[in-house]
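Engineer: There's a structure below that I have some questions on.
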Amino acid sequence: MVHILQGYSLSDARMATMFADRKSLFVDLMRWSVPVVDGRYEIDQFDGPDATYLIAVEAGAHVGSMRLLSTGRPHILDTVFPDLCDGTPPVGTTIAEITRLCLPCRLGAARRLHVRNRLISAMVDHAAVCGVTALTGVVTSGFLAQIMAMGWRCDRLGQPCDHDGVSLAAFRIDLDADTPDRLAATGIYTPGAIVAPLAQAA
């Protein structure tokens, strides 16, 4: 169900439909001020050959996704929101940033939750294979409470701050051998979510 791709190509239907759904969710619905390409695709400066995409696919098209960015390169927390950290944002070759969790509204609440859990399961398995031991990210303060209640080891990196009328917060998740069991205990993790491991985008 979850395909993992390095870099992107709009000639790949999985990725084209992902960027179109990102535009529908983040620009049309949530009113984010982010770039739109060809009036159809939400693609920002962090999308590119070094980004990793986890894409849940049904019938060859996107039904949910997230993006992972290496913190060894410029990423959202250190470039756009460093003020969300009490100190220097965590960076390193074993730390990845979670961004652009996209769950299309057309799926309905139950399917969105199912797809989200499959993406998280795939992310944890992918991280273990790739030697990623920690994850960071920026979310609304309300969503951070959900993330911290999922069962893994998660800490806030600083006090929430207001950005354009929205309360945002940064977090760090530390991954270890018992992370899958911790997430399984809260009904989130299931093994075998990855059906197509890391590959270069077509």
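Engineer: Condition first: charged (D, E, K, R) and modelled with pLDDT of 95 or more. Now tell me which residues in segment 161-174 satisfy that.
Structural biologist: 172, 174
Engineer: Now for a separate question. Of the residues in segment 180-200, how many are outside any strand (DSSP E or B) and either touching a Pro at 6+ places or on another chain (Cβ under 8 Å) or farther than 14 Å from residue 151 by Cβ (or both)?
Structural biologist: Adding up the residues that qualify gives 5.
Engineer: Pairs, please: C-beta under 8 Å, at least 6 apart or cross-chain, first residue closer than 17 Å to residue 115 by Cβ and β-branched (Val, Ile, Thr) and in segment 183-198, second modelled with pLDDT of 90 or more and part of a loop (DSSP other than H, G, I, E, B)?
Structural biologist: If the second residue must be modelled with pLDDT of 90 or more and part of a loop (DSSP other than H, G, I, E, B), the pairs left are 186/149; 186/150; 186/151; 188/150; 188/151.
Engineer: Would you check which residues across segment 32-81 are part of a loop (DSSP other than H, G, I, E, B), within 17 Å of the chain's Cα centre (by Cα) and hydrophobic (A, V, I, L, M, F, W, C) and list them?
Structural biologist: Within segment 32-81, 32, 34, 43, 46, 51, 80, 81 qualify.
Engineer: Considering only residues that are hydrophobic (A, V, I, L, M, F, W, C) and crowded, with 19+ Cβ neighbours inside 10 Å, look in segment 1-23 and name the one that is nearest to residue 119 (Cα to Cα).
Structural biologist: Selected residue: 2.
Engineer: Could you go through segment 24-41 and let me know if any residue there is at pLDDT 95 or above and buried (at least 23 other Cβ atoms within 10 Å of the Cβ).
Structural biologist: no
Engineer: Has segment 42-61 got at least one residue that is over 20 Å from residue 139 (Cα atoms), acidic (Asp, Glu) and without any contact (Cβ under 8 Å) to a residue 12 or more places away in the chain?
Structural biologist: no
Engineer: Name every residue in segment 106-139 that is surrounded by fewer than 18 Cβ atoms within 10 Å (Cβ to Cβ), touching a Leu at 6+ places or on another chain (Cβ under 6 Å) and outside any helix (DSSP H, G or I), in order of residue number.
Structural biologist: If the condition is that a residue be surrounded by fewer than 18 Cβ atoms within 10 Å (Cβ to Cβ), touching a Leu at 6+ places or on another chain (Cβ under 6 Å) and outside any helix (DSSP H, G or I), then 133 is the only one that fits.
Engineer: Do we have residue 27 as more than 15 Å from the chain's Cα centre (by Cα) and closer than 24 Å to residue 114 by Cα here?
Structural biologist: yes
Engineer: Right, next: Does residue 185 satisfy being surrounded by 14 or more Cβ atoms within 10 Å (Cβ to Cβ), of a type in the set (A, V, I, L, M, F, W, C) and modelled with pLDDT of 95 or more?
Structural biologist: In short, no.
Engineer: If a residue has to be surrounded by fewer than 18 Cβ atoms within 10 Å (Cβ to Cβ) and of a type in the set (Gly, Ala, Ser) to count, how many in segment 43-62 make the cut?
Structural biologist: Within segment 43-62, residues that are surrounded by fewer than 18 Cβ atoms within 10 Å (Cβ to Cβ) and of a type in the set (Gly, Ala, Ser) number 4.
Engineer: Go through segment 82-107 and give me each residue that's at pLDDT below 95, within 26 Å of residue 29 (Cβ to Cβ) and not charged (D, E, K, R).
Structural biologist: Within segment 82-107, 105, 107 meet the criteria.
Engineer: When you go through (1) modelled with pLDDT of 95 or more; (2) part of a strand (DSSP E or B) one by one for residue 177, which number turns out not to apply?
Structural biologist: (2)
The values are calculated or read from the model by the stated rules, or taken from the named source; none is laboratory data. Since the model is a prediction, treat every value here as computed from it, not as a measurement. Glycine also receives a Cβ, built like all others from the backbone with ideal geometry; neighbour counts cover every protein chain displayed.
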